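K.L.:
Sharing a structure with you now.
Each value in this text was obtained by applying a stated rule to the coordinates, not by laboratory testing. The structure presented is a predicted model; accordingly, all values stated were derived computationally and were not measured. Every residue, glycine as well, gets a Cβ built from its backbone with ideal geometry; the counts of neighbours run over all protein chains shown.
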């Protein structure tokens with residue numbers, strides 16, 4: 001069995017490979033497009049569309065639970081999906097996002113389907129190899145990997161492209177997206193969930209587990225919270241780059257801020273969130289983080305509307321505080337959803353919860369784009385923060401009291 005440290009390294013690297021293309025597609029590309037005067041509503045439309053596979057991944061997640069055996073494991077799913085992720089990024093070497101936005105959208109949509117499939121398999125593998133008392137820490141390290149990848153290929157890509165060109169940045173993106181499959185292949189396999197037996201029996205067993213899942217109040221409250229609770233920061237992560245561009249901040253400055261202070265505070269928040277979750281209670285940690293980041297988003301809107309200062313003066317400190325809240329919220333809420341998940345259908349149930357959070361990103365990004373185009377950035381910030389805060393009482397209706405299970 002791999003050691004605790006080895007497992008943390010594996011999942012940190014896997015999430016790093018997820019974070020690299022997310023940083024590029026959801027930060028670097030929108031910022032570049034806005035710098036080239038692409039309308040903000042087109043940028044948020046593209047992002048909202050690319051989030052859809054992450055929202056709908058629960059539709060094919062049962063296949064990952066069902067089509068598993070000793071000859072085709074979760075690790076095979078991860079390697080196959082990661083290979084497709086790399087292949088679908090290759091066209092970025094010759095497609096101009098500005099001139100051929102439709103083609104780039106189609107290519108990245110296939111990439112998003114592959115990435116969402118990999119995410120389902122990684123999360124199921126994590127649930128199968130961890131216990132309740134350590135999932136906060138694991139999610140903290142996984143988010144650290146995710147955020148490091150986002151930093152390098154989000155803000156880092158904006159900086160590097162100035163010196164080495166877009167082509168080199170794209171090659172680097174492909175390498176960082178696919179390197180972690182080598183760890184999946186070489187590390188000893190840990191099988192804690194039985195994958196043998198009659199396929200029809202397993203299909204009935206999974207079907208019964210899904211039926212039970214859908215009958216529980218926890219499931220529907222969790223989906224409601226996931227689909228609405230993160231609106232404040234999910235939308236902020238998409239439009240803060242274009243927002244800073246519109247306030248006169250240079251692309252390089254945005255890149256440095258995103259790569260170091262912003263992502264750095266998210267990493268601190270993720271590790272802190274994991275620690276607080278395992279020691280102070282998951283619901284208290286999630287709720288406190290949600291209040292912190294929503295308040296920060298409101299403060300950013302107020303400062304932008306009334307301060308009259310240069311954007312760097314007010315936006316960078318407030319965004320850094322929001323980033324701390326985002327890190328705490330992400331690590332603790334993922335641990336919350338893992339605790340609510342039945343290991344036998346881990347791929348299906350956890351991906352359903354995560355699909356709701358990605359659905360939140362999709363609708364909140366699109367809605368924010370429409371609000372920004374109509375009335376400005378501040379109105380979008382106030383609206384999304386209010387929606388998030390309404391979900392705090394829902395969080396405390398969830399029942400997280402369950403006996404510890406080893407899958």
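K.L.:
Using alpha carbons only, how many degrees (0 to 90, rounded to 10) separate the axis of helix 282-306 from the longest principal axis of the chain?
P.N.:
The helix 282-306 is inclined about 10 degrees to the chain.
K.L.:
Using only the alpha-carbon atoms, how far is helix 74-89 inclined from the longest principal axis of the chain? Give it as 0 to 90 degrees, nearest 10.
P.N.:
Once rounded, the angle reads 30 degrees.
K.L.:
A further question on this structure: Using a basic spin-label model with each label point 7 Å from the Cα along Cα→Cβ, how many nm lie between residue 168 and residue 6?
P.N.:
It is 3.7 nm.
K.L.:
In addition: Rounded, prolate or oblate: which fits the stretch 317-364 when a ≥ b ≥ c are the square roots of the eigenvalues of the alpha-carbon gyration tensor, with rounded for a/c under 1.5 and prolate only if a/b beats b/c?
P.N.:
On the way: a/c = 5.17, a/b = 1.84, b/c = 2.81.
In terms of gyration-tensor shape, oblate.
K.L.:
Just to be sure I understand the curve: with the Debye formula and one point per C-alpha of the chain, what is log10 I(q)/I(0) at q = 0.09, 0.11, 0.13 Å⁻¹?
P.N.:
-0.50, -0.75, -1.07
K.L.:
Which value at 222 nm does the chain reach when only helices count, each DSSP H run of 4 or more adding -39,500 (n - 2.57), with the total divided by all residues and rounded to the nearest 500 deg cm²/dmol? Please list the in-between numbers first.
P.N.:
Details: 20 runs with 313 residues, N = 407.
So the calculated ellipticity at 222 nm is -25500 deg cm²/dmol.
K.L.:
Let me ask another. Round to a whole angstrom and tell me the spacing of the C-alpha centers of the stretch 291-349 and the stretch 9-27.
P.N.:
18
K.L.:
Against the longest principal axis of the chain, how steep is helix 346-375, in degrees 0 to 90 to the nearest 10, with axes from Cα atoms?
P.N.:
10
K.L.:
What is the distance in Å between the Cα centroid of the stretch 57-114 and that of the stretch 123-185?
P.N.:
Each part reduced to its Cα centre gives a spacing of 15 Å.
K.L.:
Take every Cα pair under 8 Å in the chain that's 6+ residues apart, average their separations, divide by the length, and report that relative contact order as a whole percent. Before the final figure, lay out each step's value.
P.N.:
Numbers: 676 pairs, mean separation 122.0, N = 407.
Reported relative contact order: 30 percent.
K.L.:
Also, I was wondering about something else. Multiply the residue separation of residue 59 and residue 312 by 0.36 nm, subtract the distance between their alpha-carbon atoms, and state the gained length in nm to one decimal.
P.N.:
Numbers: separation 253, 0.36 × 253 = 91.08 nm, distance 4.27 nm.
Computed gain between residue 59 and residue 312 is 86.8 nm.
K.L.:
OK, next. What nm value, rounded to one decimal, do you get for the distance between residue 204 and residue 131 when each label is placed 7 Å out toward the C-beta?
P.N.:
3.3
K.L.:
In nanometres, what is the gap between the two model label sites at residue 268 and residue 42, each 7 Å from Cα along Cα-to-Cβ?
P.N.:
3.9
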